[in-house]
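Participant: Encoded as structure tokens, here's the structure I'll be asking about.
Coordinate-derived values only; no laboratory data. On a predicted model such as this, the values are computed, not experimentally measured, just so you know. Every residue, glycine as well, gets a Cβ built from its backbone with ideal geometry; the counts of neighbours run over all protein chains shown.
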Amino acid sequence: MSTVAYITTRGLFGRRRVLLLLPLPALLIALALICRAYDVNPADWGTPVLVGLGLAVVLPVIALIVGTGVLGSEVDDGTLVHILTKPLPRRDIVLAKLGVAVGVTAVTTAVPLFVAGVLADSVRLGLALAIGAAVGACAYSALFLLLSLLTRRPVLLGLVYILVWEGLLGRFVSGTRVLSIEQYVITIVDRIAPTDLLNGRVSLPVAITMSAVFAIGGTVAAVDRLRSFSMAGETS
Amino acid sequence: MTTVELANVSRWYGNVVAVNDITMTLDTGVTGLLGPNGAGKTTMLHMMAGFLNPSRGTVTVGGAPTWRNPDVYRRLGLVSEREAVHGFLSAYEFVLACAKMHKLRDPASAARRALELVEMTEAQDRRIDTYSKGMRQRTRVAAAFVHDPEVLLLDEPFNGMDPRQRMHMMDLLHSLGDRGHTILFSSHILEEVEQVSGTVQVMVAGRLAASGDYRRIRRLMTNRPHVFAVQSSDDRRLAVALIGERSVRGVELEPAGGLTVRASDYGSFTRALPRIALGEGIRLRKLLPSDESLESVFSYLLEA
């Protein structure tokens with residue numbers, strides 16, 4: 001593990017916001033367990049729990065907390081300067097931080113989604129959801145890491161993307177789905193494990209290509225942005 | 001020897017000019033960057049450290065541009081004004097991490113050497129967020145100095161330090177300067193600069209107001225005319241008496257009452273005034289030095 005990744009991981013788990021990572025996955029597993037324990041038909045609870053909670057809330061919100069935490073917090077409190085004043089290519093810094101964000105998000109979301117998928121349908125659906133969570137973690141993390149370099153309010157903008165763009169417009173305006181990471185993940189999961197619980201609304205090539213565009217484009221833009229990282233003076 | 005060179009450097013934010021056409025060269029030894037708050041010192045330091053792109057002109061360290069050039073940090077260290085440190089690490093972990101990021105051959109011994117230099121070895125294993133302000137500052141200096149950079153930039157390094165810590169930091173900067181490093185530190189306090197550096201760069205309102213040996217600039221500062229506001233029981237008669245005093249350069253009767261007196265020597269005038277008033281039987285009601293703010297000292301330098 002690189003020193004930047006080590007500091008980032010310690011910083012992430014040393015802050016209180018890490019506690020925010022626990023309730024949502026726990027809620028997802030708890031709901032799935034309750035439905036299963038009371039023998040509720042998976043057709044009734046599968047979609048709201050797996051998609052409505054798992055893919056529409058747990059995955060993006062955890063990616064937002066972690067993705068803005070790995071870099072945005074250091075920008076906010078000024079500790080980033082200690083990393084930037086080293087002769088490290090900015091690409092290495094972004095990749096190390098992105099690696100931590102993707103890893104933590106993927107693990108934190110893939111495990112509960114796998115469990116919920118198994119309880120709702122099959123191991124195959126569980127694995128498909130875990131793979132979808134990993135793909136989503138890459139795309140969301142790159143987007144939110146970039147946001148924390150573009151704006152001082154990355155969490156707010158990230159929430160607008162999740163709630164307004166994906167949550168609201170994604171339901172009613174079909175064109176917006178082309179730029180919705182949630183829709184890519186649903187399509188990928190639906191292709192790996194076809195069930196009635198998930199309905200992909202974009203094609204698989206679009207889902208794969210656009211996930212890569214978000215992940216790679218976000219990373220490249222973040223590297224370029226970090227190269228020109230400015231600190232405002234007292235007179236600004 | 002590594003020099004820091006600024007050639008016709010300006011930096012503006014929208015239509016606010018923070019740094020205005022500054023040219024300077026910093027050589028080895030300690031240089032103080034002096035100026036009131038808002039003079040543009042931090043903007044200057046950030047440009048030197050590669051954290052701001054000059055709107056015009058060039059900033060180089062050892063001939064290499066600082067903007068978008070991380071390689072420059074092999075020979076440059078920065079202690080910024082913001083105190084933030086990774087508080088969840090101990091000083092040793094923090095300085096060691098810095099040494100590793102510099103890819104030093106023996107990061108552990110470099111970290112120990114840097115912590116010894118700032119006398120932080122005793123507390124080095126405690127978490128940084130348990131430290132006092134001065135200890136954090138010293139830890140940050142150790143981190144900035146772990147790779148033994150030829151150039152060290154410090155933004156207001158004495159802020160928040162107690163007198164003993166200040167003295168220690170001053171000694172440290174002295175010794176680094178004597179060892180051939182190029183050290184630049186900013187301050188808005190005259191006395192700090194006086195005690196640490198022989199060379200100063202004085203900034204006022206984004207411009208370089210004075211540059212060179214501290215003693216020459218200090219002389220300019222002490223020899224400047226001092227302005228006093230005086231009120232008495234008979235302002236006109238006091239004005240007549242004061243104009244005969246050698247240290248007084250000019251007296252003006254204010255329309256609203258009172259006098260504005262310009263004196264060439266602070267000490268002589270303040271000793272002479274009560275003597276003259278007593279001799280004339282005039283009662284003094286108010287005596288206020290009206291230009292003692294640091295801003296006025298700097299403004300005077302700008303005009304000189």
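Participant: Could you tell me how many of the residues in region B:53-92 are buried (at least 17 other Cβ atoms within 10 Å of the Cβ), more than 9 Å from chain A (Cβ to nearest Cβ) and either within 20 Å of B:Glu122 (Cβ to Cβ) or of a type in the set (A, V, I, L, M) (or both)?
Facilitator: 6
Participant: Tell me whether region A:58-76 contains one or more residues that are over 17 Å from A:Val107 (Cα atoms) and not in a helix (DSSP H, G or I).
Facilitator: yes
Participant: Can you go through A:Ala193, A:Ala222 and tell me which one is more than 15 Å from the chain's Cα centre (by Cα), crowded, with 19+ Cβ neighbours inside 10 Å and more than 18 Å from A:Ala110 (Cα to Cα)?
Facilitator: Answer to the selection: A:Ala222.
Participant: Where residues in region B:4-52 are within 28 Å of B:His174 (Cβ to Cβ) and surrounded by fewer than 16 Cβ atoms within 10 Å (Cβ to Cβ), which of them is nearest to the other protein chains (Cβ to nearest Cβ)?
Facilitator: Filtering region B:4-52 for residues that are within 28 Å of B:His174 (Cβ to Cβ) and surrounded by fewer than 16 Cβ atoms within 10 Å (Cβ to Cβ), the one nearest to the other protein chains (Cβ to nearest Cβ) comes out as B:Asn37.
Participant: Does B:Asp162 qualify as being among the acidic types (Asp, Glu) and free of Cβ contacts under 8 Å to residues at least 12 places away in the same chain?
Facilitator: No: the conditions fail for B:Asp162.
Participant: Follow-up question, since we're still on this one. Only one residue in A:Arg225, A:Arg177, A:Arg191 is farther than 21 Å from A:Arg124 by Cβ, more than 14 Å from every other protein chain (Cβ to nearest Cβ) and in a helix (DSSP H, G or I), so which one is that?
Facilitator: When all the criteria are applied, what remains is A:Arg177.
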